[in-house]
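In what follows, a single structure is set out as structure tokens and then discussed.
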Amino acid sequence: MKIIHFPLTKIILFFVFGILFSFYKNPNPETVFTITFISFGVFIISFLLSKRDFNQKIYFGVSLYILSFFIGITTQTVHNDYFQKENYIHQIQDSEKEHIVELVLREKLKNSTFSNRYVAVVKKIDSKESSGKIIINFYTNKLTEKLAIGTQLRIKGSVVKHKTVNNPDQFDYGKYLINKSILAQMYVSPEDILVGTSVDKDIWYYSDKIRSKILDNLKQSGFKNDELNVVAALILGQQQEISTEILTDYQYAGAIHILSVSGLHVGFILLFINFLLKPFPKNKLGSYTKLIITLLALWGFAILAGMSPSVVRSVTMFSFVAVGICLKRKTNIYYTLLISLFFILLYQPSFLFDVGFQLSYTALFFILWIQPLLSEIWTPKNKIQTYFWDILTVSFAAQIGAMPLSIYYFHQFPGLFFITNLIILPGLGMIMGLGVLVMILAFVNYVNLYLCKILEFSITILNTTISWVASFENFIIKDIPFNWYMLVSLYGVIICMLLWIKKPSFTKLIFSLLALLLFQTSCFVSIWKTQLEKEFIVFHVKKSTLIAERMGRNVTIYSNDSVPKNNVLKSYLVANFSSLKAQKKLQNVGYFKNKKILIIDSTGVYPNTAKADIILMTHSPKINLDRLLQKSRPELIIADASNYKTYIKVWKATCIKEKIPFHTTGEKGFYRLK
């Protein structure tokens, strides 16, 4: 792989390591800036001493890589909102205290069952100038349904910091939002909102107005909602209104990538722009004019599509491609990929932790690397065979690259992805071309009903096909246990095997076998560690009591309620390579690792002679806790989510008075005893 020897590859690699170090270690900003300044000085000195003979001076390369590493640390530190003194989060000491927050709506999110959700930018909090992004949850109301992007609001309410996950091995939504520089949320009723008289007419405002105008015109033409929502995702990158059922079908069919605007979509936009600009003269002035128009169109599309990480990545990369075309230079796509990665992370390092960004870059890299290798397996005899063979090899290459990450994050794999892409991709270009044309016409207030009906029918066929493929659930491999060292070792296997296949040698074969052995070892160690573990878990489930006792890979559930149908239990079982062996009714007394656990339910009945190490309160028992604590001095009192909040408050005060630790799952999340 020649790309490894490209100097920028190593520089960017150290830059990425710096971002990762800063993200996980959170070093002191003053220390970071000081060391970065020193490393820059060392680099300048080594640069001057090298006297243009950079390749022969090892200290020049070392100083450059060290500087790149600390630039990565500095970039992440500078973008960390917790280090911004004016950020509103520093004024939030108590999540129950009410504040007066002045803000501007920036982005519309997918609505929840009971609220309309927006991302907003804070301008002031309690009359003090502030900054930072926040999520606003408006309880469903006609007023909040009509709020436009750019609307200025004055809101009275509590600013709630993100909580840690309430149950083990669940998706940490709070951490996900923090990675997007959104540090808190507000839950607001209509009576607490004061809508400003003016609107911030920035680029986000005009982007939303254009999208709204296009979609409103198409709605008035009689375009069906489900089909229109898919078109909005395909062309405009807006998935907020797509139903959960349709999203699930696309996910199961292995076609969710076509609903997220990425390289496929932006590449088509670039081809479309070049087609429109063909009449321009081919002289120097014409070339530069075409380049400026192309770049403006690409970045205008990125803004229109919401500036998601995948859109930014694709537009940045194709911007470099457009520059290469203008300068009439052969563009090395690997270098373009690296440069786009560097500039994107320099602009927003948090993109590195976005799942879509990771999947997008990984898939594209493997397409560039593996697809030419796969295409050599068979040489088609005509253009039609070549077209479908290229689709199949591109899809297969992308899935090879994205598969480990996809399994790691989602614990499932769509077995029919290649069939889906083979069926869908040939017609997707036509659908997108027609969709762009229809939307341009809708923007200028001209809606051609004939074109709209063709587009609507095409989307109906697309959705029906996807639903049909997704219906073969036997080919969807679900609940795959997969941890981070299995992820790393599997990528080691894939890379070593491909290097060996591309240019066979005995050394590469040895490395491939060693990588395979390492992957097998990681799987074995994961299962072996699980076999040795024993733990007792009290879950946080609203209005229910759910307890798990895990002995190695076998889990026994204790509950008098029905086992919840959500992901609370499933995510725990998958993450711990375990399976549910039995479900039993709760008893008043239990034992785990020489610990006696007393469970008091709504009846309030418990043995008078009970002296327990741990007491679990469930379903709001009416008992005198003072009297119980005098008889039995437990090590800990636990209250799960089945209890009334008023009861929990009283119990907490009693435990504080008696100096006995109190754990409520509503505040601290699940309880684990090992």
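Treating each Cα of the range 528-579 as one equal point scatterer and applying the Debye formula with no solvent, the log10 of I(q)/I(0) at q = 0.13 Å⁻¹ comes out as -0.29.
Using R₀ = 35 Å, calculate the FRET efficiency as 1/(1 + (r/R₀)^6) where r is the Cβ-Cβ separation of Arg627 and Glu667; round to 0.05. Numbers along the way, then the final one.
Details: r = 25 Å, r/R0 = 0.71.
It comes to 0.90.
For the range 486-633, the share of DSSP beta bridges that are antiparallel, to the nearest 5, is 60%. The three principal axes of the C-alpha atoms in the range 614-667 carry coordinate ranges of 25, 20, 17 Å, sorted with the longest axis first.
Mean separation of Cα pairs under 8 Å and 6 or more residues apart, divided by the residue count, gives the range 524-615 a relative contact order of 19 percent.
Relative contact order, percent, of the chain when contacts are C-alpha pairs under 8 Å separated by at least 6 residues?
Numbers: 1006 pairs, mean separation 62.6, N = 674.
9 percent.
Our estimate of slack between Val323 and Phe418, defined as 0.36 nm per intervening residue step minus the Cα-Cα distance, is 30.9 nm. Here the range 279-321 is treated as a sphere whose radius is the Kirkwood value from Cα pairs; by Stokes-Einstein at 37 °C and 0.692 mPa s it diffuses with a coefficient of 297 µm²/s. Sites listed here are trypsin sites (Lys or Arg not before Pro) in the range 252-300 whose DSSP assignment is loop and whose Cβ has at most 11 other Cβ atoms within 10 Å: Lys282. Between helix 309-326 and the chain there is an angle of about 10 degrees, using the helix long axis and the longest principal axis of the Cα atoms. With N the number of residues in the range 43-197, Rg(Cα) / (2.2 N^0.38 Å) evaluates to 1.47.
A cut-off under 14 angstrom between Cβ atoms defines the neighbours of Thr362, and their net charge, with Lys, Arg +1 and Asp, Glu -1, is 0.
With Cα atoms as the point set, the radius of gyration and Dmax of the range 58-128 evaluate to 19.5, 62 Å. The stretch between Tyr139 and Trp468 holds 114.8 nm of extra length on full extension. This uses 0.36 nm per residue minus the Cα-Cα distance. List, in the order given, every pair from Lys97/Lys542; Lys542/Lys596; Lys161/Lys622 whose Cα-Cα distance in the structure shown is over 28 Å. In this structure, Lys161/Lys622 exceed 28 Å between Cα atoms.
Rg over Rh for the range 498-570 works out to 1.33, using Cα positions for both radii and the Kirkwood form for Rh. Antiparallel beta bridges, as assigned by DSSP with both residues in the chain, represent about 70 percent of the total such bridges.
Give me Rg over Rh for the range 153-253, both radii from the alpha carbons and Rh done the Kirkwood way, two decimal places. Working shown, then result.
Values: Rg = 18.0 Å, Rh = 17.3 Å.
Value, to two decimals: 1.04.
Label zone (Leu449, point 7 Å along Cα-to-C-beta; backbone nitrogen cut-off 11 Å) within the range 208-240: 221-222.
Taking a straight line from the alpha carbon of Lys201, these aspartates and glutamates sit under 16 Å away, with near neighbours fewer than eight places off in the same chain left out: Glu107. Suppose R0 equals 51 Å. What FRET efficiency, 1/(1 + (r/R0)^6) with r the Cβ-Cβ distance, do Leu509 and Gln583 give to the nearest 0.05? It comes to 0.55. From the alpha carbon centroid of the range 463-489 to that of the range 567-626 is 35 Å. Between Asn554 and Phe17, the modelled label-to-label distance comes to 4.6 nm, taking each label 7 Å out from Cα in the direction of the beta carbon. Place a label point 7 angstrom from the Cα of Thr113 along the Cα-to-Cβ direction, then list the residues of the range 151-170 whose backbone nitrogen is under 17 Å away. Answer for this model: none.
Against the chain, whose longest principal axis comes from its Cα atoms, helix 263-276 is set at around 30 degrees. Restricting the GluC sites (Glu not before Pro) of the range 49-140 to loop positions (DSSP other than H, G, I, E, B) with no more than 16 neighbouring Cβ atoms within 10 Å leaves Glu86, Glu96. To put it simply, the accessible area of the chain at a 1.4 Å probe is 63 percent carbon and sulfur. Rg and Dmax over the alpha-carbon atoms of the chain stand at 28.8, 96 Å.
Counting only residues at least eight positions apart within a chain, or on another chain, the aspartates and glutamates with an alpha carbon under 14 Å from that of Lys659 are Asp626, Glu635. Using only alpha carbon pairs under 8 Å that are at least six residues apart, calculate the relative contact order of the range 365-493 and give it in whole percent. Once normalised by length, the contact order is 31 percent.
The distance between label points at Trp378 and Leu346 comes to 4.5 nm (points 7 Å beyond Cα on the Cα→Cβ vector).
Where Lys and Arg each count +1 and Asp and Glu each count -1, what net charge lies around Gly237 among other residues with Cβ under 15 Å from its Cβ?
Around Gly237, the surrounding residues sum to 0.
The chymotrypsin sites (Phe, Trp or Tyr not before Pro) found in the range 394-464 that occupy coil by DSSP, while having at most 14 further C-beta atoms within 10 Å, are Tyr446. Any lysines with Cα under 25 Å of the Lys508 Cα? List them, leaving off those in the same chain fewer than 8 positions away. Within the straight-line cut-off, Lys508 pairs with Lys2, Lys10. Placing unit charges on the Cβ atoms of the charged side chains and taking the dipole of the chain about its Cα centre, the candidate lying farthest along the positive direction among Tyr59, Ala184, Thr362 is Tyr59. When a/c is below 1.5 the answer is rounded, else prolate if a/b is larger than b/c, else oblate, so apply that to the range 553-674 with a ≥ b ≥ c taken from the square roots of the Cα gyration tensor eigenvalues. Judged from the Cα gyration tensor, the range 553-674 comes out prolate (a/c at least 1.5, a/b above b/c). Helix 355-375 axis versus longest C-alpha principal axis of the chain: approximately 50°, rounded to the nearest ten. Annotation: average projected area of the range 245-321 is 5.8 square nanometres, based on the convex hull of Cα atoms across all directions.
Label-to-label distance for Glu658 and Lys278 is 8.4 nm, based on points extended 7 Å past Cα in the beta-carbon direction.
The values are calculated or read from the model by the stated rules, or taken from the named source; none is laboratory data. Every value quoted in this text rests on a predicted model; they were computed, and no experiment measured them. Glycine also receives a Cβ, built like all others from the backbone with ideal geometry; neighbour counts cover every protein chain displayed. For accessibility, only protein heavy atoms count, side chains too; no ligands or nucleic acids. Shrake-Rupley method; radii C 1.70, N 1.55, O 1.52, S 1.80 Å.
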